[in-house]
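Before any comments, here is the structure.
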Amino acid sequence: MSNHLLYLLTQWLRLKDEANWVLGTVYKTEGPAYRKSGAMMLFSDAGHQLGMLSGGCLESDIHLHARKVMLNQAPVTLTYDGSDEDDLAFQLGIGCGGTVHILLQPLTAENGYLDLPLVLVALQQHHKGHYFQKVSKKDVAARFMTEAMPEEHQRTGATLIEQEDGVWLCTPIDAPLHVLLVGGGIDARPVAQMAHLLGWQVTLWDPRPANGRMEYFPHLAHRLNGQASELPAHCRDHNVQAAILMSHNVSLDAEALAAMAGVPLKYLALLGPTNRRDKVMSLAGILPDELSATLSGPAGLDIGAELPETIALSILAECQAATTRATGRSLSDVLPLFRAAS
């Protein structure tokens, strides 16, 4: 199950009246940390732990503190310092060396469940917003806003904001990435499966009756088999932000590419070599600058992929980098292992 907030809240909503709950949130980090500011987790007195606030090393201790919050109905702030020899984080041998600050807030009907039901509705409807939590040991306060934020607060990550009534954590809220997969062949199966594991939503379009059968694609958000001309409306209605064309049919890929030309995308990929890409572009009758995103063709990162599963990994890794505006480079700079001779 994905750790995206949409899926955590979906699980919690079914259970919220069967136990007492606490919302745990990372509100600040210093140095290296597994989860960053804005990460959320839900704890119950029935033993539920939905989500992660660390790599799995601190959750048991956090849960103990969460039980005290349930008992006292008062918020608590925790600090785990991986550089302090006397701190639990250091004693557990985590090794990251960073400091994590966590806010625990009781979730009750009296405090409107901290607006989390509203957050869930927004995520289900593909609406963006900002979630505000008061960082306090006295006041339990949170609110969700779908209105546009002032420009100075429009950041990609969670940030602490000082207000007259105290310090608030502002966390951007956005639905999981929604990917359009063109083509339901055998090699599309691992793409859909891995995307599901990532918590992404997948729409599959393939008008061919023998392809894209639901028994091989059990986790699709939508299965389309109509005309390619119907794709733009679907993509706009369901906030599709990425498209991967892999039908193994030049005509179908060209139809989809032409239809998607006016759809705002963060990632657009086409399976196959450059000469096939040129054929698809020519048949589609469009120029590169008519596309909303630079066409990635051949699709994927150079990771030595040969099998359907590794090719899927290559494409989805590139998609992740493109949609988050990351570089896709090796974090340790160990790559490339094999450098061209000077």
Margin query: Which count do you get for residues in region 288-342 that are part of a helix (DSSP H, G or I) and without any contact (Cβ under 8 Å) to a residue 24 or more places away in the chain?
Written below: 6
Checklist line | Test result for L252, in contact (Cβ under 8 Å) with a residue 40 or more places away in the chain, of a type outside the set (V, I, T) and part of a helix (DSSP H, G or I) | finding: yes
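Quick check on A284: is it farther than 16 Å from G183 by Cα, of a type outside the set (K, R) and without any contact (Cβ under 8 Å) to a residue 24 or more places away in the chain?
On the way: farther than 16 Å from G183 by Cα: yes; of a type outside the set (K, R): yes; without any contact (Cβ under 8 Å) to a residue 24 or more places away in the chain: no.
Criteria not met by A284.
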Next item on the list: Would you mind telling me which numbered condition in (1) under 23 Å from N275 (Cβ atoms); (2) surrounded by 10 or more Cβ atoms within 10 Å (Cβ to Cβ) A321 fails?
Entry: (1)
Next item on the list: Please verify whether region 138-149 includes one or more residues that are modelled with pLDDT of 95 or more, in the same structural domain as P75 (by TED's automatic domain parsing) and of a type in the set (K, R).
Entry: yes
Check: Just checking, how many residues over region 216-245 are without any contact (Cβ under 8 Å) to a residue 24 or more places away in the chain and farther than 17 Å from G183 by Cβ?
Finding: 3
Next item on the list: Kindly indicate whether G272 is small (G, A, S), assigned by TED's automatic domain parsing to the domain that holds W200, over 30 Å from Q125 (Cβ atoms) and not in a helix (DSSP H, G or I).
Entry: yes
Check: Hey, which of the strands (runs of 3 or more DSSP E) in region 158-247, taking only ones fully inside, have at least 1 residues that are touching a Phe, Trp or Tyr at 6+ places or on another chain (Cβ under 7 Å), on the phi < 0 side of the Ramachandran plot and of a type in the set (F, W, Y)?
Finding: 166-173
Next item on the list: Hey, could you check region 6-23 for residues that are in contact with a strand residue (DSSP E or B) (Cβ under 6 Å, 6 or more places away or on another chain) and buried (at least 19 other Cβ atoms within 10 Å of the Cβ) and say which is farthest from S44 (Cα to Cα)?
Entry: L8
Notebook entry, point to check: Is there a residue in region 298-307 that is assigned by TED's automatic domain parsing to the domain that holds V182, in contact with a strand residue (DSSP E or B) (Cβ under 7 Å, 6 or more places away or on another chain), among the aliphatic types (A, V, I, L, M) and within 25 Å of Q193 (Cβ to Cβ)?
Noted result: yes
Notebook entry, point to check: Out of the residues in region 24-43 that are among the hydroxyl-bearing types (S, T, Y) and outside any loop (DSSP other than H, G, I, E, B), which is farthest from L13 (Cα to Cα)?
Noted result: T29
Note to self: Quick check on my filter: what residues within region 189-245 are under 27 Å from L5 (Cα atoms) and of a type in the set (S, T, N, Q)?
What the structure shows: Q193, Q201, T203, N239, Q241
Notebook entry, point to check: Just to be sure, is G262 surrounded by 11 or more Cβ atoms within 10 Å (Cβ to Cβ), part of a loop (DSSP other than H, G, I, E, B), touching a residue at least 24 places away in the same chain (Cβ under 8 Å) and on the phi > 0 side of the Ramachandran plot?
Noted result: no
Next item on the list: Answer yes if at least one residue in region 128-136 is more than 30 Å from E318 (Cβ to Cβ) and of a type in the set (S, T, Y), and no otherwise.
Entry: yes
Item checked: Residue match in region 44-67 (condition: assigned to a helix (DSSP H, G or I), among the hydrophobic types (A, V, I, L, M, F, W, C), in the same structural domain as L23 (by TED's automatic domain parsing) and in contact with a strand residue (DSSP E or B) (Cβ under 8 Å, 6 or more places away or on another chain)) -> yes
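For every residue, the table says whether it meets (1) over 20 Å from A259 (Cβ atoms); (2) within 23 Å of the chain's Cα centre (by Cα); (3) at pLDDT 95 or above; (4) surrounded by fewer than 12 Cβ atoms within 10 Å (Cβ to Cβ).
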{"site": "G297", "(1), (2), (3), (4)": "no, no, no, no"}
{"site": "A305", "(1), (2), (3), (4)": "yes, no, no, no"}
{"site": "L313", "(1), (2), (3), (4)": "yes, yes, yes, no"}
{"site": "S330", "(1), (2), (3), (4)": "yes, yes, no, yes"}
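Output the number of residues of region 186-200 satisfying the condition of being surrounded by fewer than 21 Cβ atoms within 10 Å (Cβ to Cβ) and either touching a Pro at 6+ places or on another chain (Cβ under 9 Å) or modelled with pLDDT of 95 or more (or both).
Result for region 186-200: 9.
The values are calculated or read from the model by the stated rules, or taken from the named source; none is laboratory data. A quick note: this is a predicted structure, and the numbers were derived from the prediction, not measured. All Cβ positions, even for glycine, are placed from backbone atoms using ideal geometry, and neighbour counts span all protein chains on display.
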